[in-house]
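Scroll down for the structure; my scribbles are underneath it.
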Amino acid sequence: MNLILLGMPASGKGTQSQLLINKQKFAHISMGDIVRDNINNQTKSGLQAKKYLQEGKLVPDSLIISMIEVYLETHKYKNIIWDGFPRNIAQNTMLNDILAKRNQKVDHIIYLKVKKSLIYKRILGRKICPKCQYTYNTIFNPPKKANICDVEGSKLIFRKDDNLKMIKVRIKEYNAKTKPLVKYYQKQNLLTSINSNQDSKIVFQEICRLLK
Ligand code: ADP
């Protein structure tokens, strides 16, 4: 099964992916994590992508596709949650081509709809584990012990792009490039919209109901 999670930055894509992979056998392909890994490992694509990520902008499609291709060479999954890819109409075509080669298709596209005021609260309170990438929120989803990852015991960190200035750029990028993709799916009746202003557990229940 291929499931696409779509939504603004901090709409809950990462959180819902974590809940889903705890429940059933899904591979989680987080494009943001792949981009960050490429940057940390200083791959050719990563070196070119760095400045875009640092500015809160989307990385060019040519770099995204080469990162995905390299990633998929070593990861042959069947059930995938696509988190953060596709983010524009061209990337949607890329995904369909990738899946067609594997005799697969997109099964569900879930749009996590969230109001802007909540985005700021979620992003500014977001902290991640540098080891396992698990995402916490100091208000909505705190770790058991303040500032420490429940699983790894590592000290949690803020993401460099989770600051006020960059949130504004990321929302602008979303509105310019990803919103047209949402409209495109909506027109074709491919999208299931879920109210992601609700508590993450309720959002999760709605997703599970849909996947049943
Ligand atoms: P968020 O969903 O909160 O914006 P992500 O971790 O998914 O965070 O992405 C972080 C950054 O990685 C983006 O701002 C962008 O620079 C880059 N990125 C991730 N996915 C894509 C994509 N599909 N296309 C282009 N750039 C991407």
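Read the figures in this text as sums done on the coordinates, not as results from a lab. All values derive from a computational prediction rather than experimental measurement. So basically every Cβ, Gly included, is an ideal-geometry build from the backbone, and we count neighbours across all protein chains shown.
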Placing +1 at every Lys and Arg Cβ and -1 at every Asp and Glu Cβ, with all other atoms neutral, what dipole size does segment 40-100 have around its Cα centre, in debye to the nearest 20?
160 debye
Between residue 113 and residue 72, how high is the FRET efficiency from 1/(1 + (r/R0)^6) when r is the Cβ-Cβ distance and R₀ = 22 Å? Nearest 0.05.
0.15
Looking at this model, which pairs from 23/172; 78/172; 127/179; 127/168 are more than 24 angstrom apart at the alpha-carbon?
23/172; 78/172; 127/179
Scanning the chain for helices, which whole DSSP H stretches are 18 Å or more long along the axis (Cα) and average 0.0 or more by Kyte-Doolittle?
61-74, 89-101
Mind running the shape call on segment 119-212? Use the C-alpha gyration tensor, a ≥ b ≥ c as the square roots of the eigenvalues: rounded below 1.5 for a/c, prolate if a/b tops b/c, oblate otherwise.
oblate
Among 71, 30, 60, pick out the residue whose Cα is farthest towards the positive end of the charge dipole of segment 11-130, where Lys and Arg carry +1 and Asp and Glu carry -1 on C-beta, about the Cα centre.
30
Take peptides 92-98, 80-86 and line them up by average Cβ neighbours within 10 Å, highest first, as a rough protection proxy.
80-86, 92-98
Counting Lys +1, Arg +1, Asp -1, Glu -1, what net charge surrounds residue 194 among other residues with beta carbon under 9 Å of its beta carbon?
0
Name the aspartates and glutamates eligible as straight-distance cross-link partners of residue 51: C-alpha to C-alpha under 19 Å, and not fewer than 8 places from it in the same chain.
33, 37, 61, 161, 162, 173
Magnitude of the Cβ-charge dipole of the chain, K/R +1 and D/E -1, about the Cα centre, nearest 20 debye?
540 debye
Let me check I've understood the local charge: for residue 115, count other residues with C-beta under 14 angstrom from its C-beta, Lys and Arg +1, Asp and Glu -1. What total comes out?
+4
Extreme residue, positive dipole direction of the chain, given options 110, 140, 188 (C-beta unit charges)
140
When the C-alpha atoms of the chain are aligned to their principal axes, what extent does each axis show, in angstrom, from largest down?
45, 42, 32
Tally Lys/Arg at +1 and Asp/Glu at -1 over every other residue whose Cβ is under 13 Å from the Cβ of residue 57; what's the total?
+4
Let me spell out the model: positive unit charges on the Cβ of Lys and Arg, negative unit charges on the Cβ of Asp and Glu, origin at the Cα centre of segment 65-143. What dipole size does that give, in debye rounded to 20?
440 debye
